[in-house]
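Below is one structure; the comments refer to it alone.
The values are calculated or read from the model by the stated rules, or taken from the named source; none is laboratory data. Note that the coordinates shown come from a computational prediction; the quantities given were computed from them, not determined experimentally. When we count neighbours, we look across all protein chains shown, and the Cβ atoms used for this are built from the backbone with ideal geometry, even at glycine. Calculation scope for accessible area: heavy atoms of the full protein, side chains included, ligands and nucleic acids excluded. Shrake-Rupley method; radii C 1.70, N 1.55, O 1.52, S 1.80 Å.
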Amino acid sequence: MAFRNYILVCGGTACESSRSQQIFDNLKLEAEKQGVADEVQIVQTGCFGFCEQGPIVKILPEDSFYVKVAPEDAHELIAEHIIKGREVKRLLYDKEKAAKHAQVEDIKFYQKQFRIVLRNCGFIDPENINEYIARDGYAALEKALFEMTPEDIIEQLKIAGLRGRGGAGFPTWMKWNFSKNVESDIKYVVCNADEGDPGAYMDRSTLEGDPHSVLEAMTICGKAIGAHQGFIYIRAEYPLAIHRLEVAMAQSKELGLLGKDILGSGFDFDIEIRLGAGAFVCGEETALLQSIMGHRGMPVPRPPFPAVKGLWEKPTVINNVETWANIPVIIHKGGEWFSKIGDEDSHGTKVFALTGKICNSGLVEVPMGTTLREIVYDIGGGIAHGKKFKAVQTGGPSGGVITSENLDTPIDFGSLVKIGSMMGSGGMIVMDEDDCMVDVAKFYLNFTVDESCGKCMPCRIGGKTMLGILEKITDGKGTMKDLDTLTEIANTMRKASLCALGQTSPNPVMSTMKFFRDEYIAHIVDKKCPAGKCKKLISYVIDPAKCKGCTACARKCPVSCISGSLKQPHTIDQTKCIKCGTCIQTCKFGAISIQ
Amino acid sequence: MAKISLEELRKLREQKQDALQKRDLAGKDSQIIVGMGTCGIAAGAKTVLDEFLKVLDEEKIENVAVTQTGCMGLCYVEPTVEVIVPGMPATIYGKVDAAVAREIVKSHVIGKKLVTDHIYDRPSVDIMKA
Ligand SMILES: Cc1cc2nc3c(=O)[nH]c(=O)nc-3n(C[C@H](O)[C@H](O)[C@H](O)COP(=O)(O)O)c2cc1C
Ligand code: SF4
Ligand code: FES
């Protein structure tokens, strides 16, 4: 027999620490006492992603969401809600308050996420076109083909205020309008699925979970600008996404939703997949188009912009996967609907790949204007292992760090630039007190130096020189003058590089230097790495007072640099130590520390 | 299937909407949906899918369809699985391995009892219903 009610008690780390176990026990006891133990099932769950308001209790099937519940509330919850069927208003989450972020009226706001791009991910079987169709799939295409003129389509994008999600945030309608207005017998539509940012995987997940949304959007664009051929440029490292796209394309073609005379409208549109070898620079639009044409993937100067002269000199609209996935919803529900989501600066939502030192890593989609604090603490569940928050890197290797001071900045295109970072594609890497900011800057710069195509001098040589200086600093050989040199090279790279890879690659260095200058100075002046990351600046030492002489560490050390006799304090030979950290993990007495 | 007209597409959408709402897939009234994005598969979703099929077969349960979907966004508790059984709330389970899969069939599908300690919330409301 099924139960009448289900009570879900959050057992996530945050709620656990505010006595959710006690709530769980009390609820069981009360259910027993009030004689409803076999009518309700009480279970513990994982984090609800609302830790700030914890402990959380949810009662099904009514879907009542109770926050800040105390163990003493158990009696009332059972007596009122379960027995009398009346919600305990006092404990319900105040929906009004949460509504300030997204103004679409009739949504339950206790969940901070709002999914437009990921609307079907995790709902439908991506390999079954019928499930996509059932969830209003291809309804936007119907509208675009039979009820709208190209001007209407572009007008809706303009009202929506959709800006490109691939990094630069360029208004999508303008791009389409440029291409539409160029006279040409042949035009192209391109989907940028190169996704090379370290830590970013939202485009991959969108294609894996909802491939038809991109196909539908590209076809709509074809109608709007007068193109009949599309290309999806995707890295070969994404085999599952490629497979799902291929299945989706085959199914669409079979139903005549792609190919000749779509739905009997007389409009033809076809899409082909092009595989990229996985070079970061091939995500840059001009390099990507070169690569599609079979040339080496190197950026070329703009203008002419691709929208005017792109593939084979023909007008070409290129948009990012996430940008595409927004479009069917905008056309179906109208630009007006979309424009109400988000804040004044930016409309709609943004998907972030939340990774790093965070409890709940994953894909999150939030309305523009949500604060970083809400993402890190409410959705992400805070910093893992109870460590202290240090910074978040947004915008990947082109972006910068956001520190605790700016945790309450709304996340939108404008605000992020104001605080020295950028939206980028949506990688969000959380760092804690154990991360060395000089090391982080070195990591990103190392990536862009590797990925530079080498075409122009400021990027090719500037990046390498900056990296050399960072290495000098983390080796403890830096001087204060190095900081000025870094700034000088960065300024040149920003001004003189051909493409945005070179123009933005100094950003992580400049941003960490701005917000964590004291860490740079600690490396240079004190020859210390405060986070204990930079190997040349740290040493492992054994505290003779705590060492019991158990010999455990000496036996584990891979280079045998620990000596001492049984039951006598041991010592580490600093000249031989490779700073692997094995001893510190081995010691049961906490006698070894990093200095 | 052959090429369809506008009318046929609309009809198809209505039909499938009904089916998706009732979750009535070819006469099966219950569903186990396994998250099969790269993250899910890397965390062992394939083994979990196989285990579900095996246990359902062993228990001779025929009203449950096992299907796949993409990433729900709960990457930290992959593999994730959604279980839909009539008369019970649609439930999302995380950190599902072969043993938990077996438990889900025995307890949730057969015993109509939720499996404690593995339940997670869908991270967002469905805009299609909004
Ligand atoms: C080095 C570099 C890498 C880029 N990588 C990507 C990428 O992986 N995916 C993407 O969509 N855009 C990427 N871009 C941005 C594209 O050049 C272009 O702005 C974008 O595809 C336009 O689409 P949107 O208007 O929809 O954002 C990259 C840019 C640069 C400079
Ligand atoms: S800035 Fe760097 S990546 Fe861009 S064209 Fe110049 S060398 Fe190549
Ligand atoms: S731990 Fe309970 S909501 Fe996050």
Single residue of B:Ala2, B:Ala42, B:Ala90 found to be open to solvent by 40 Å² or more (accessible area, probe 1.4 Å) and more than 27 Å from A:Ser205 (Cβ to Cβ): B:Ala2
Considering only region A:44-55, state which residues are more than 9 Å from chain B (Cβ to nearest Cβ) and at pLDDT 85 or above. A:Pro55
Test each condition in (1) within 14 Å of chain B (Cβ to nearest Cβ); (2) touching a strand residue (DSSP E or B) at 6+ places or on another chain (Cβ under 6 Å); (3) surrounded by fewer than 22 Cβ atoms within 10 Å (Cβ to Cβ) for A:Gly169 and report the one that comes out false. (1)
Criterion (of a type in the set (A, V, I, L, M) and under 23 Å from A:Leu118 (Cβ atoms)) met by exactly one of A:Val376, A:Val417: A:Val376
Look at B:Ala101 and say whether it is at pLDDT 95 or above and either open to solvent by 30 Å² or more (accessible area, probe 1.4 Å) or more than 25 Å from A:Tyr201 (Cβ to Cβ) (or both). yes
Looking at A:Thr485, A:Thr492, A:Thr512, A:Thr504, can you tell me which residue is within 16 Å of ligand 1 (Cβ to nearest atom), out of contact with any Leu (no Cβ under 6 Å at 6 or more places or on another chain) and among the β-branched types (Val, Ile, Thr)? A:Thr504
Tell me, which helices (runs of 4 or more DSSP H) wholly within region A:493-595 include 1 or more residues that are of a type outside the set (Gly, Ala, Ser) and out of contact with any helix residue (DSSP H, G or I) (no Cβ under 6 Å at 6 or more places or on another chain)? A:507-515, A:517-524, A:552-556, A:582-586
For region A:167-197, which residues satisfy the criterion of being closer than 22 Å to A:Val392 by Cα and within 16 Å of ligand 2 (Cβ to nearest atom)? A:Gly167, A:Ala168, A:Gly196, A:Asp197
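Residues are listed down the side, and each one gets a yes or a no for (1) within 14 Å of another protein chain (Cβ to nearest Cβ); (2) away from ligand 3 (no atom under 16 Å from the Cβ); (3) among the hydroxyl-bearing types (Ser, Thr, Tyr):
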| residue | (1), (2), (3) |
| --- | --- |
| A:Ser415 | no, yes, yes |
| A:Ser421 | no, yes, yes |
| A:Met428 | yes, yes, no |
| A:Met431 | no, yes, no |
| A:Cys453 | no, yes, no |
Helices (runs of 4 or more DSSP H) wholly inside region B:1-93 containing at least 2 residues that are of a type in the set (S, T, N, Q) and more than 22 Å from B:Gly111 (Cβ to Cβ): B:6-22
Could you tell me whether any residue of region A:255-263 is touching a residue at least 12 places away in the same chain (Cβ under 8 Å), touching a helix residue (DSSP H, G or I) at 6+ places or on another chain (Cβ under 6 Å) and more than 16 Å from ligand 1 (Cβ to nearest atom)? yes
Please state which one of B:Asp121, B:Asp29 is more than 9 Å from chain A (Cβ to nearest Cβ), touching a Lys or Arg at 6+ places or on another chain (Cβ under 9 Å) and within 27 Å of A:Asn130 (Cα to Cα). B:Asp29
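Could you check region A:310-342 and list, in sequence order, the residues that are open to solvent by less than 40 Å² (accessible area, probe 1.4 Å) and not in a helix (DSSP H, G or I)? Spell out the reasoning first.
Here is the first cut: in region A:310-342, the ones open to solvent by less than 40 Å² (accessible area, probe 1.4 Å) are A:310-311, A:315-331, A:334-335, A:338-339, A:341-342.
A:Gly310, A:Pro315, A:Thr316, A:Val317, A:Ile318, A:Asn319, A:Asn320, A:Gly334, A:Ile341, A:Gly342, listed by residue number.
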Subset of region A:109-138 (residues that are within 7 Å of chain B (Cβ to nearest Cβ) and either hydrophobic (A, V, I, L, M, F, W, C) or at positive phi (or both)): A:Phe114, A:Ile116, A:Leu118, A:Cys121, A:Gly122, A:Phe123, A:Ile124, A:Ile133, A:Ala134, A:Asp136, A:Tyr138
Just one of (1) in contact with a helix residue (DSSP H, G or I) (Cβ under 6 Å, 6 or more places away or on another chain); (2) acidic (Asp, Glu); (3) more than 25 Å from B:Pro123 (Cβ to Cβ) trips up A:Glu52, so point out which. (3)
Are any of the residues in region A:95-108 assigned to a loop (DSSP other than H, G, I, E, B), touching a Phe, Trp or Tyr at 6+ places or on another chain (Cβ under 6 Å) and either modelled with pLDDT of 90 or more or of a type in the set (Gly, Ala, Ser) (or both)? yes
Set A:Ala287, A:Ala236, A:Ala279: member being under 27 Å from A:Leu445 (Cβ atoms), open to solvent by 20 Å² or more (accessible area, probe 1.4 Å) and within 16 Å of ligand 2 (Cβ to nearest atom): A:Ala279
